[in-house]
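Undergrad: Structure incoming, see below.
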Amino acid sequence: MRICIIVEGCYPHVVGGVSSWVHSMIRSFPRQEFVVVSIVAERSLRGKFAYTMPENVTEVHELYLNDVDWGTHLRKKRMSRVEYNALRSLLLDQQVDWETLFEYFQKSSTSLNRVLMGEDFLEAVKEFYRLNYSQMVFSDFLWMMRSIYLPLFQTMKMQLPEADLYHCVCTGYAGVLGSMAKHFYGGRMLISEHGIYTREREEELLKAKWLQGIYKNIWINQFRKMSRLAYNRADLVTSLYEHARELQVELECPAAKTRVTPNGIPVERFQDLPGKTQEDEGKINLGAVIRVTPIKDVKTLIQAFSFAKEREPALKLWIMGPWDNMDEDYARECFELVDDLGLTDVVFTGRIDVRDYLGRMDMTILTSISEGQPLTILESFAARRPVIATDVGNCRGLVLGEGDDLGAGGIIVHVMNLEEISQAILYLAHHPQERREMGEIGYRRVTSRYRLDQLQATYREIYQSFAKSAGVPFEGDGAAAAPEPGAPMTQTAPEAQTAPEPREEVVV
């Protein structure tokens, strides 16, 4: 079976939990052919992969949402009435005629420059403006609408590979591509959401400083339109835990299409890890396996650690994950915060193999403001380490349990609550026996429900069912592949691979 896996903002360019999941999934089914479509922001990322492609990946295609090449030399012909009505339906969000839009952007020779600067787009924006936002300055409104629709129109211009199954790892632009590919090629469509894309974008936009007032609502509604499209066109939509499934239904995903498929990790890879070293003598090690980005709220972690450190000098914080090619300004602010607070026991390791460090930790911590079902918690449990985590995504279910009576594998705290987080650190620091007991509870929980072989079996059944319905062969069961460690920080970046000039494609 030929599987096109469509990702946004992660694999293979950026390491992290979702990227690690995708990489492991591809390696888990070595007899299936995979094609990767990766949606990234800028052309500057072309071919700069953080992962070495598995042998069963035959092509990698890239889409640059913020590409500056809109084209200027193509025809000026106006849209037909049907095409204009489809554009109008999109802007007004009135029974959007996606099929006509797909056909127009795929088959029309008109450049994006002609579309966004043309009379048809202007007239549709004017109508939208008169109906809803006439109190605003029109010139500002028009340019905001162009900025909103540029990435969507870029997406619908992309030439997609043909496949038997389009596996989208989120809705959003990935869901638009999957829906468009299904329209043209008739393949099946699967969505596997790790976080709820629409809600995550909404949270980001509400906090955004570059966007003001009513424009936030327009952007949020745009992401809702795209998610509705993906949910409606998908044959199956998975989530990692029950509450996420409920959110999908709330966002208009048909309940009959939904299915919960928990994450899984290779638990055996986290056994017999190297323990504490001479460097750790007299230290209580607190580990955070995270990318240094705002969504992980590293600043709150550092501040909470500083408060705890004042009361327990033996504490040492290890921040284990990359900061290069991410948000370098934010990383710099985190380094400066450590200096400003006069902290000496804070280590930024950069990208590492977490198995070299987890055995040295007394506990781990995750202070994110948004999560799905974090692999870092599962890996900590596999290493028998208790976890302090903010109450986001499925962190509460993982740490305190859902559907089992094992007990607490750590402590749940509220987002950005410095007092709670520092108190949780101190509690575990001062109760070594309870730390060990929580670590054992976490280990029993991860081995009972969150093993990689369970995840593989689930997706083997899903892939096989799609192959059977499409009348294509599904060779073998994928058991021959030993997946790489699930940790998001274990991959080695290869040399940048050469990409040809067209916007969409890199072949490896």
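The values are calculated or read from the model by the stated rules, or taken from the named source; none is laboratory data. Predicted model, so just to flag it, every value in this text is computed and none were measured. Cβ: placed from backbone, ideal geometry, glycine included. Neighbour counts: every protein chain shown. With ligands, DNA and RNA removed, areas are computed over all heavy atoms of the protein, side chains included. Shrake-Rupley method; radii C 1.70, N 1.55, O 1.52, S 1.80 Å.
Undergrad: Could you list, in sequence order, the residues of the range 162-171 that are of a type outside the set (A, V, I, L, M) and crowded, with 24+ Cβ neighbours inside 10 Å?
TA: Once the filter is applied, which keeps residues that are of a type outside the set (A, V, I, L, M) and crowded, with 24+ Cβ neighbours inside 10 Å, the range 162-171 yields Y166, H167, C168, C170, T171.
Undergrad: I would also like to ask the following. For the list (1) open to solvent by less than 20 Å² (accessible area, probe 1.4 Å); (2) part of a loop (DSSP other than H, G, I, E, B), I need the number of the one condition that S20 fails.
TA: (2)
Undergrad: Follow-up question, since we're still on this one. Under 8 Å between Cβ atoms, which residue pairs at least 6 apart in sequence (or on different chains) link something in the range 258-276 that is open to solvent by 40 Å² or more (accessible area, probe 1.4 Å) with a partner that is among the β-branched types (V, I, T) and assigned to a strand (DSSP E or B)?
TA: These pairs meet every condition: R259/V237; R259/T238; V260/T238.
Undergrad: Only one residue in G442, G407, G397 is assigned to a loop (DSSP other than H, G, I, E, B) and either out of contact with any strand residue (DSSP E or B) (no Cβ under 6 Å at 6 or more places or on another chain) or not aliphatic (A, V, I, L, M) (or both). Which one?
TA: Going through G442, G407, G397 in turn, the sole match is G407.
Undergrad: Name, by its number, the condition in (1) within 23 Å of E252 (Cα to Cα); (2) open to solvent by less than 10 Å² (accessible area, probe 1.4 Å); (3) free of Cβ contacts under 8 Å to residues at least 60 places away in the same chain that does not hold for F141.
TA: Here F141 clears every test but (1).
Undergrad: Something else: Could you identify the single residue in V169, V137, V176 that is more than 25 Å from I5 (Cα to Cα) and β-branched (V, I, T)?
TA: Unique residue meeting the criteria: V137.
Undergrad: How many residues does the range 2-11 hold that are modelled with pLDDT under 95 and out of contact with any Ser or Thr (no Cβ under 6 Å at 6 or more places or on another chain)?
TA: 1
Undergrad: Among the residues of the range 398-428, write down those that are under 18 Å from I377 (Cα atoms), touching a residue at least 60 places away in the same chain (Cβ under 8 Å) and buried (at least 20 other Cβ atoms within 10 Å of the Cβ).
TA: Once the filter is applied, which keeps residues that are under 18 Å from I377 (Cα atoms), touching a residue at least 60 places away in the same chain (Cβ under 8 Å) and buried (at least 20 other Cβ atoms within 10 Å of the Cβ), the range 398-428 yields I421, I425, L428.
Undergrad: Right, another one. Condition first: open to solvent by 10 Å² or more (accessible area, probe 1.4 Å) and aliphatic (A, V, I, L, M). Now tell me which residues in the range 221-239 satisfy that.
TA: Listed by number, the list holds a single entry, L236.
Undergrad: Still on this structure, I have one more. Residue by residue through the range 173-208, note down the ones that are of a type in the set (A, V, I, L, M) and either in a helix (DSSP H, G or I) or surrounded by fewer than 20 Cβ atoms within 10 Å (Cβ to Cβ) (or both).
TA: Matches in the range 173-208: A174, V176, L177, M180, A181, L205, L206, A208.
Undergrad: Still on this structure, please answer the following. With Y104, Y84 as the choices, which residue is surrounded by fewer than 20 Cβ atoms within 10 Å (Cβ to Cβ), at pLDDT 95 or above, of a type in the set (F, W, Y) and part of a helix (DSSP H, G or I)?
TA: Details: Y104 fails: surrounded by fewer than 20 Cβ atoms within 10 Å (Cβ to Cβ).
Going through Y104, Y84 in turn, just one is surrounded by fewer than 20 Cβ atoms within 10 Å (Cβ to Cβ), at pLDDT 95 or above, of a type in the set (F, W, Y) and part of a helix (DSSP H, G or I): Y84.
Undergrad: Does E202 fit the bill of being free of Cβ contacts under 8 Å to residues at least 40 places away in the same chain and within 17 Å of the chain's Cα centre (by Cα)? So that I can check it myself, show each step before the final result.
TA: Details: free of Cβ contacts under 8 Å to residues at least 40 places away in the same chain: yes; within 17 Å of the chain's Cα centre (by Cα): yes.
Yes.
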